[in-house]
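One structure is given here, and the rest of the page talks about it.
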Amino acid sequence: MSEKKYTPKYFWENIPDWKRKKDPVLSRIFYRPLSCVTASISANLGISANTVSYFSGILAIVACLLFLIPQFWARLTGAILVNIWLLLDCTDGNLARSYKKQLFGEFADGISSYILVGLLCTCMAVSVYFTGGVLIPAGTVWIVVIGALASSSDTMMRLIYQKFNATAVMHQKEGVLPEQEDSRTDHAKVGSLRVRIESELGIGGILPAAILIAVIFQALDLIVIYCLLYYGGACVVSSLMQVRKAIRLTKEYTH
């Protein structure tokens with residue numbers, strides 16, 4: 001009896017409706033359809049979703065380090081690898097849902113994006129420091145500060161969000177709090193404005209393609225500034241929401 005052959009069509013047909021709705025526009029048009037091909041190849045070779053995730057984490061590090069080399073070919077290669085990273089990010093999801101789901105799949109998938117965003121903004125800023133851009137001339141140290149703030153903003157936002165959830169789960173186990181809903185993981189709320197904005201404007205949406213275009217046109221400084229506005233703004237808004245929710249729950253369940 002021959003082993004099952006996985007086709008791109010198989011993975012495409014097994015994408016759930018909530019995922020199709022959540023996918024950013026560029027993913028729907030390009031990355032997701034292509035990821036069905038890469039998922040097919042991976043499955044037929046016996047490559048698991050976790051393996052793809054861990055490899056994409058290594059790819060993320062390489063992509064970021066390439067931006068530290070003050071040569072056009074290095075920046076261009078780094079930008080291309082960022083787009084390949086997004087392709088792999090779609091691929092591991094296809095594999096986990098339709099081929100073989102493994103323990104610590106969310107962990108493997110998560111650290112890949114944490115690594116990329118945690119390093120990318122700072123590394124791009126260093127690239128702008130060496131080469132300049134549309135608004136920022138070469139040798140301007142403030143662009144590195146802007147990039148570092150953008151990277152740390154995303155990391156800080158994730159830490160605050162995870163700490164809130166961990167604390168909420170602890171209180172749920174103690175019987176103090178009921179289970180809390182989360183629009184980020186609630187499949188029924190993938191069409192909400194907040195989820196759509198997060199999907200479209202971040203590293204899973206327009207950013208990889210925008211980075212590639214910016215490298216070609218020597219406009220990487222605009223991307224770094226955008227990252228500070230996006231990730232910095234998201235950090236402030238998200239953190240205030242978590243603090244507000246914590247205060248509300250404290251008042252509601254403290255007797």
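The values are calculated or read from the model by the stated rules, or taken from the named source; none is laboratory data. Quick caveat, the model's predicted, so the values are computed rather than measured. We place every Cβ from the backbone using ideal geometry, glycine too, and count neighbours over all the protein chains shown. What goes into the accessible areas is simple: the full protein's heavy atoms, side chains included, and nothing from ligands, DNA or RNA. Shrake-Rupley method; radii C 1.70, N 1.55, O 1.52, S 1.80 Å.
Restricting attention to the chain, lysine pairs at least eight places apart or on different chains and with alpha-carbon atoms under 21 angstrom apart total 21.
Here the accessible area is traced with a 1.4 Å probe on the protein chains. For segment 1-141, carbon and sulfur cover 67 percent of it.
Would you mind calculating the relative contact order of the chain from Cα pairs under 8 angstrom and at least 6 residues apart, reporting the percent as a whole number?
Details: 322 pairs, mean separation 59.0, N = 255.
It rounds to 23 percent for the chain.
Which part of segment 74-94 falls in the paramagnetic zone of residue 54, meaning amide N under 17 Å from the point 7 Å along Cα-to-beta-carbon? Zone members listed by number: 89, 92-93.
From most to least packed by mean Cβ count within 10 Å, the peptides 228-240, 59-71, 116-128 give 116-128, 59-71, 228-240. Dividing the summed -39500 (n - 2.57) terms of all DSSP H runs of n ≥ 4 by the residue count of the chain sets its mean residue ellipticity at 222 nm at -23000 deg cm²/dmol. How far is the Cα center of segment 5-68 from the Cα center of segment 75-133, in Å? Between the Cα centres of segment 5-68 and segment 75-133 lies a distance of 11 Å.
Under 1.5 on a/c is rounded, so check that first for segment 77-131, then, if it is not, pick prolate when a/b is larger than b/c and oblate when it is not; a ≥ b ≥ c are the square roots of the alpha carbon gyration tensor eigenvalues. Oblate. Remark: relative contact order (segment 1-97) = 38 percent; criterion is Cα-Cα distance under 8 angstrom and separation of 6 or more residues.
Here the Gaussian network model covers the chain, with springs between Cα atoms less than 10 Å apart; of 44, 83, 94, 44 fluctuates the most.
Only helices at least 15 Å long along their own axis, judged from Cα atoms, and with Kyte-Doolittle mean hydropathy of 0.5 or greater: name those in the chain from DSSP H.
Values: long enough: 32-44 (18 Å, 0.45); 49-66 (26 Å, 1.78); 72-98 (39 Å, 0.70); 105-131 (39 Å, 1.28); 142-173 (46 Å, 0.42); 233-253 (30 Å, 0.23).
In the chain, the long hydrophobic H runs are 49-66, 72-98, 105-131.
Shape call for the chain from the C-alpha gyration tensor, a ≥ b ≥ c root eigenvalues: rounded (a/c under 1.5), prolate (a/b greater than b/c) or oblate?
Details: a/c = 2.07, a/b = 1.07, b/c = 1.92.
Because a/c hits 1.5 or more and a/b fails to exceed b/c, the chain counts as oblate.
Extending 7 Å from Cα along the Cβ direction at residue 245 and again at residue 152 yields two label points whose distance is 2.5 nm.
Computed from the C-beta positions of residue 229 and residue 141, the FRET efficiency with R₀ = 25 Å rounds to 0.80.
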